[in-house]
Amino acid sequence: MLRMILSWLAVVIVCGQVPLHASDWQVGVARIDITPAKKIWLAGYASRTKPAEGTTHPLWAKALVFKDERGNRAAIVTTDLIGLTRELSDAVSARVARETGMTRKQILLNSSHTHCSPVVRGCAPLAYDFTSEQQQDVDHYAKVLEEKLVKVIVSASRSLKPAQLSYSEDQASFAMNRRGRINPDGPVDHTVPVLKISDPAGKLQAILFGYACHNTTLAFFEYCGDYAGFAQIELEKQYPGVTALFLLGCGGDANPNPRGTRELAEQHGRSLAAAVTRALAEPLKAVDGPLTVKFQRTDLPFTKPPSREELLARQGQGDVYSQRLTKHLLKQLDQQGTIPDAYPFSAQVIEFGNDLTLIGLGGETVIDYAIRLHEELSPRQIWVAGYCNEVFAYVPSERVLKEGGYEGGGAMKYFGIHGPFQPGVEDRIMKLVHSLLTP
Ligand SMILES: [Zn+2]
């Protein structure tokens, strides 16, 4: 007993602080390289003319599995990818459930939305027009990706170790509202949330950090994580042996500014990493359990789908994507007898006791969602992530829906959706999120 007390005291003295509830948490960390073996078509920009030609740095899927002292678990997975589909996330979750017992609601899969990553089958399917060989490559990668995502979560869940969690935030200023290209007066959120995972002695093990901005500094033909990839590399260089994971926020209407070169992507990555380092240097707030997880879908209705007659009259009209959309909708009518008139939008909530609430929204949500949730839930400490579990369309706020434009409905055609959401989209999502929160 005396020896135990002395060793605990030694830890306290060496670290200069009392361990934060060291015995409460167990955390597992894992990573897997998801760079395609072959140079396949890159996602994000519909205007691309050829597949990838090189690799700036590997693309990663990284997983954290949290377990509180009562045995409640949650997994957070980050990926250097354009986005996942509902089908892929659900398939991965079902397989993980069989291997670990963790179910769909316990698994949050986020994508950094880097536009220098391979096409993920089914994500913005009408943005591309593949030859059969290119389609085979995309199909093959989808299979490999599913295997790897399962593997990384299972591996994290099998490497649980005692840990302590703490939270802080800082700021990085390169995100700019992009409505109307560059919109310095538009809403943006420069917050960089940081969750620190340390061992019981206080030694840093992993860093989960976020930012709400498209990973679109670059538009070249190499596999690259863009600013988020460079930020993760910078942090892992600075803290050897530590895993840094990037969680994308509601950056649907934000771009890095300026953009266009590798140097700028590296610069933004460094400034994001510097914000994380500053947050880690500040006194962090301890994050306790218990862990609570919730996951729910709600239908977001679209405007009325066109009739077959309307579609037949539209054939050959508009740009190449509008023409693909007409063809796609006619095919849906032929095969399913109907065009989907809503999307089952998902929201997920992971509560770390009263100390931190992570809200994961599906789709490319604009920043208004994070701003409104912060206002409505203050003083609760929340972290809102977009691009969770599925990237099926842009998700405008009521304001952006009314304004229209690319994020308001203009980009729906790339996702194979006939029209914008019906008014009320923002309130439907807010109601869903509120219903998932512990009062
Ligand atoms: Zn986007």
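Scanning for something within 16 Å of the ligand (Cβ to nearest atom), open to solvent by 60 Å² or more (accessible area, probe 1.4 Å) and either over 30 Å from residue 346 (Cα atoms) or touching a helix residue (DSSP H, G or I) at 6+ places or on another chain (Cβ under 6 Å) (or both), does the range 266-288 turn up at least one residue? There is no residue in the range 266-288 that is within 16 Å of the ligand (Cβ to nearest atom), open to solvent by 60 Å² or more (accessible area, probe 1.4 Å) and either over 30 Å from residue 346 (Cα atoms) or touching a helix residue (DSSP H, G or I) at 6+ places or on another chain (Cβ under 6 Å) (or both). Once the range 170-187 is narrowed to residues that are open to solvent by 60 Å² or more (accessible area, probe 1.4 Å) and touching a residue at least 24 places away in the same chain (Cβ under 8 Å), the residue that is farthest from residue 282 (Cα to Cα) is 180. I'm trying to understand the selection: among the residues of the range 320-373, which are in contact with a strand residue (DSSP E or B) (Cβ under 7 Å, 6 or more places away or on another chain) and either of a type in the set (S, T, N, Q) or surrounded by fewer than 17 Cβ atoms within 10 Å (Cβ to Cβ) (or both)? Of everything in the range 320-373, those that are in contact with a strand residue (DSSP E or B) (Cβ under 7 Å, 6 or more places away or on another chain) and either of a type in the set (S, T, N, Q) or surrounded by fewer than 17 Cβ atoms within 10 Å (Cβ to Cβ) (or both) turn out to be 341, 342, 344, 346, 348, 355, 357, 365. Every listed requirement among (1) in contact with a helix residue (DSSP H, G or I) (Cβ under 8 Å, 6 or more places away or on another chain); (2) within 16 Å of the ligand (Cβ to nearest atom); (3) closer than 27 Å to residue 164 by Cα is met by residue 384 save one, (2).
Given the residues 351, 403, 364, which is the only one that is touching a residue at least 24 places away in the same chain (Cβ under 8 Å) and over 22 Å from the mean Cα position of the chain (by Cα)? Exactly one residue qualifies, and that residue is 403. Of all the numbered requirements in (1) under 30 Å from residue 40 (Cβ atoms); (2) of a type outside the set (A, V, I, L, M); (3) free of Cβ contacts under 8 Å to residues at least 40 places away in the same chain, residue 190 misses one, and that requirement is (1). Is it the case that residue 414 is open to solvent by 10 Å² or more (accessible area, probe 1.4 Å), within 16 Å of the ligand (Cβ to nearest atom) and under 22 Å from the mean Cα position of the chain (by Cα)? The answer is yes for residue 414.
Restricting the range 124-137 to residues that are in contact (Cβ under 8 Å) with a residue 12 or more places away in the chain and either part of a loop (DSSP other than H, G, I, E, B) or surrounded by 23 or more Cβ atoms within 10 Å (Cβ to Cβ) (or both) leaves a set whose member that is nearest to the ligand (Cβ to nearest atom) is 124. Can you say whether residue 121 is more than 16 Å from the ligand (Cβ to nearest atom), closer than 29 Å to residue 326 by Cα, buried (at least 17 other Cβ atoms within 10 Å of the Cβ) and within 16 Å of the chain's Cα centre (by Cα), as far as the supplied structure shows? When the stated conditions are applied, residue 121 does not pass them. Residues that are surrounded by fewer than 11 Cβ atoms within 10 Å (Cβ to Cβ) and among the small types (Gly, Ala, Ser) were ranked within the range 43-58; the one that is farthest from the ligand (Cβ to nearest atom) is 54. Considering the range 77-115, the residues that are part of a loop (DSSP other than H, G, I, E, B) and more than 16 Å from the ligand (Cβ to nearest atom) include one that is surrounded by the most Cβ atoms within 10 Å (Cβ to Cβ), namely 102. Within the range 89-108, residues that are on the phi < 0 side of the Ramachandran plot have Cβ atoms under 7 Å from residues that are acidic (Asp, Glu) and surrounded by 23 or more Cβ atoms within 10 Å (Cβ to Cβ) in these pairs: 89/390, counting only partners at least 6 apart in sequence or on another chain. For the range 421-429, the criterion of a residue being within 25 Å of residue 284 (Cα to Cα), in contact (Cβ under 8 Å) with a residue 40 or more places away in the chain, away from the ligand (no atom under 15 Å from the Cβ) and in contact with a Pro (Cβ under 8 Å, 6 or more places away or on another chain) is satisfied by no position. Selection over the range 147-169 of residues that are open to solvent by 50 Å² or more (accessible area, probe 1.4 Å), assigned to a helix (DSSP H, G or I) and of a type outside the set (S, T, N, Q) gives a count of 3. The number of residues in the range 169-208 that are polar (S, T, N, Q) and farther than 16 Å from residue 258 by Cα comes to 4.
The values are calculated or read from the model by the stated rules, or taken from the named source; none is laboratory data. Note that the structure is a prediction, hence the values are computed from the model and not measured. All Cβ positions, even for glycine, are placed from backbone atoms using ideal geometry, and neighbour counts span all protein chains on display. We work out accessible area using only protein heavy atoms, side chains counted, and drop any ligands, DNA or RNA first. Shrake-Rupley method; radii C 1.70, N 1.55, O 1.52, S 1.80 Å.
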